[in-house]
4 protein chains.
Amino acid sequence: MDSRPAVSQEGEELQPGPLVEWGTTVRSYELDSFGHVNHAVHLNWFEQARFETFEAVGFPPAALLGRGWGIHVVRVEVDYRREARLGERIRILTRVERVRNSSMSLHQVALHEPGEEVVAEARVVLVWIGPNRSPMKIPEEIREALKRG
Amino acid sequence: MDSRPAVSQEGEELQPGPLVEWGTTVRSYELDSFGHVNHAVHLNWFEQARFETFEAVGFPPAALLGRGWGIHVVRVEVDYRREARLGERIRILTRVERVRNSSMSLHQVALHEPGEEVVAEARVVLVWIGPNRSPMKIPEEIREALKRG
Amino acid sequence: MDSRPAVSQEGEELQPGPLVEWGTTVRSYELDSFGHVNHAVHLNWFEQARFETFEAVGFPPAALLGRGWGIHVVRVEVDYRREARLGERIRILTRVERVRNSSMSLHQVALHEPGEEVVAEARVVLVWIGPNRSPMKIPEEIREALKRG
Amino acid sequence: MDSRPAVSQEGEELQPGPLVEWGTTVRSYELDSFGHVNHAVHLNWFEQARFETFEAVGFPPAALLGRGWGIHVVRVEVDYRREARLGERIRILTRVERVRNSSMSLHQVALHEPGEEVVAEARVVLVWIGPNRSPMKIPEEIREALKRG
């Protein structure tokens, strides 16, 4: 059952790439029966933080969707380092690290305030999808916006 | 922000390790605004499939929780290969690949029936947590059950 | 802050109206920190059961969406009578009770198998939404299909 | 299949009862395939707003759970009046209206800022559950805290 994909290291590395913060507070319905935030919820948070990142560089989600672009997750790697508990304040830092032809790689860290302990750390690969539902070249205006930060 | 953990390759490799199947059908509320299953939902499916796996070897979730054991996800890697859409039948195969002192690694594949195309593929590391909320040695009876399959 | 809407009792009462069953098993991620199914999850189940109902009378969700129709929930009433717990088998019965110009009312019951105890009971009002995102007359073919059952 | 429960109108009506606000912004993963917030998500919001209300009068969730108390939803009524869309700011007002022996009724309104349009309005009945998982008399300290506001 082994078919680990090679995520290309080609493409343009953003130097240093914009770093965008977004914060959330752990909510009651995000807990599972172990009394901590369920590991799938961190993916929700990271997703929202990515949309906040695009918005921060000038592309609010409505603008992205309005052009018929989709942004699909094709790979996630998450290390969970510390439980998150009800009422805790979480700060998520997102950095776009590399932009390839139709995909980009991001590094995201969820920190527990105030101690700045790492709750979870993710590497995510996104593919840009055109109106015909196939991968498309990431638009130049997106590339430029990410470089400007 | 880089601190990729090394997941130990030590421990006992299960040969071949039990392979357990669980099926689900894509539901309306699992779709996001792109009209496909949101990538966090696959983690829900894989979680349920792991519980089904423990149940299949004799440890239903209620029995695990009843002893005060927790099973925490400390790492996931997921490759998303094909969108999953409303009403599609998904079959998830779970194999426990390696058992270490307090952690185990699993390989999970979500297939779209009937073509058997891979929807998503995951590698997951779990840590066994004792009643005092610290990692504990994975109980011998769990190890034995997994070997028997 | 009081503005209770009057849901019209006008319209055509379906006699007796089709009764459609759909079953699910309680999954790990549906539990909250009280160790039982979170009350919002029942709404997910009822939603899926409604789509199964439309499918049972000839309108799979893809067909509904493909015509640009939306089906929006404008009112729910749910009485929760019994906790649902991990691994329990739940059977949901859905009956369309009344069809008005652009809305319809349904009665849904979630039962715990095998004892047939009521887990939750819902009354739901849906509005049919046209491609211009305004309420539209419920199409004649839907009315006919619901009468035929 | 009809068994509409009568929610008792007995008990002490709080005059006027504390009004607590909590705000949230619509997130990407809260949308469904109709591109608006799924109706089950409003229940998540209202739940979180109730916990914020208990916290505002001196009972943070951890304190409630730490005493072995559970707070179960036994009835919800929600009227959905306006779609909520990505990025919109939502303000939720919660008022405890009536306290009975072991249950209480709340009125909750979700407003779209800045126009203060009503997105959804809920009436919720909660039952206080003791450590033996049976309904218990709502503790005097909770009653007093709610009266003080």
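The values are calculated or read from the model by the stated rules, or taken from the named source; none is laboratory data. The structure displayed is predicted, hence computed values, not measured ones. When we count neighbours, we look across all protein chains shown, and the Cβ atoms used for this are built from the backbone with ideal geometry, even at glycine. With ligands, DNA and RNA removed, areas are computed over all heavy atoms of the protein, side chains included. Shrake-Rupley method; radii C 1.70, N 1.55, O 1.52, S 1.80 Å.
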I need every pair where a residue in segment C:65-77 that is charged (D, E, K, R) has its Cβ under 6 Å from the Cβ of a residue that is modelled with pLDDT of 90 or more and not in a loop (DSSP other than H, G, I, E, B), sequence separation at least 6 or different chains. C:Arg75/C:Val125; C:Arg75/D:Asp79; C:Glu77/C:Arg123; C:Glu77/D:Glu77
Within segment C:100-149, residues being open to solvent by 40 Å² or more (accessible area, probe 1.4 Å), touching a strand residue (DSSP E or B) at 6+ places or on another chain (Cβ under 8 Å) and hydroxyl-bearing (Ser, Thr, Tyr) number 0
Within segment C:58-67, take every residue that is surrounded by 17 or more Cβ atoms within 10 Å (Cβ to Cβ) and more than 9 Å from every other protein chain (Cβ to nearest Cβ) and give me the one that is farthest from C:Glu117 (Cα to Cα). C:Leu64
A:Leu93 within 8 Å of another protein chain (Cβ to nearest Cβ), open to solvent by 40 Å² or more (accessible area, probe 1.4 Å) and either assigned to a helix (DSSP H, G or I) or of a type in the set (A, V, I, L, M, F, W, C) (or both): no
Would you pick out the residues in segment C:99-149 that are small (Gly, Ala, Ser) and farther than 30 Å from D:His72 by Cα? C:Ser102, C:Ser103, C:Gly130, C:Ser134, C:Ala145, C:Gly149
Being over 15 Å from the mean Cα position of the chain (by Cα), under 22 Å from C:Glu30 (Cβ atoms) and modelled with pLDDT under 95 narrows D:Leu65, D:Leu86 down to just D:Leu65
The one condition in (1) closer than 18 Å to C:Glu55 by Cα; (2) surrounded by fewer than 20 Cβ atoms within 10 Å (Cβ to Cβ); (3) within 13 Å of another protein chain (Cβ to nearest Cβ); (4) not β-branched (Val, Ile, Thr) that C:Gly70 fails to fulfil: (2)
Qualifying positions in segment A:117-132 - at the interface with chain B (Cβ under 9 Å from one of its Cβ atoms) and in contact with a Gly (Cβ under 7 Å, 6 or more places away or on another chain): A:Ile129
Failed item, numbered, when A:Glu88 is tested on (1) acidic (Asp, Glu); (2) in contact (Cβ under 8 Å) with a residue 60 or more places away in the chain; (3) crowded, with 18+ Cβ neighbours inside 10 Å: (3)
Residue list for segment C:1-28, filter: in contact with a helix residue (DSSP H, G or I) (Cβ under 7 Å, 6 or more places away or on another chain), within 14 Å of chain D (Cβ to nearest Cβ) and at pLDDT 85 or above: C:Val20
Does any residue of segment A:33-40 turn out to be within 11 Å of chain B (Cβ to nearest Cβ), in a helix (DSSP H, G or I) and within 27 Å of D:Ala62 (Cβ to Cβ)? yes
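Would you point out which residue out of B:Glu83, B:Glu47, B:Glu77 is facing another protein chain (nearest Cβ under 9 Å), in contact with a Lys or Arg (Cβ under 7 Å, 6 or more places away or on another chain) and open to solvent by 10 Å² or more (accessible area, probe 1.4 Å)?
Details: B:Glu83 fails: in contact with a Lys or Arg (Cβ under 7 Å, 6 or more places away or on another chain); B:Glu47 fails: in contact with a Lys or Arg (Cβ under 7 Å, 6 or more places away or on another chain).
None of the other options fit; the residue is B:Glu77.
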Look through segment B:96-124, keep the residues that are outside any loop (DSSP other than H, G, I, E, B) and either of a type in the set (D, E, K, R) or out of contact with any Asp or Glu (no Cβ under 9 Å at 6 or more places or on another chain) (or both), and return whichever of them is nearest to B:Tyr80 (Cα to Cα). B:Glu121
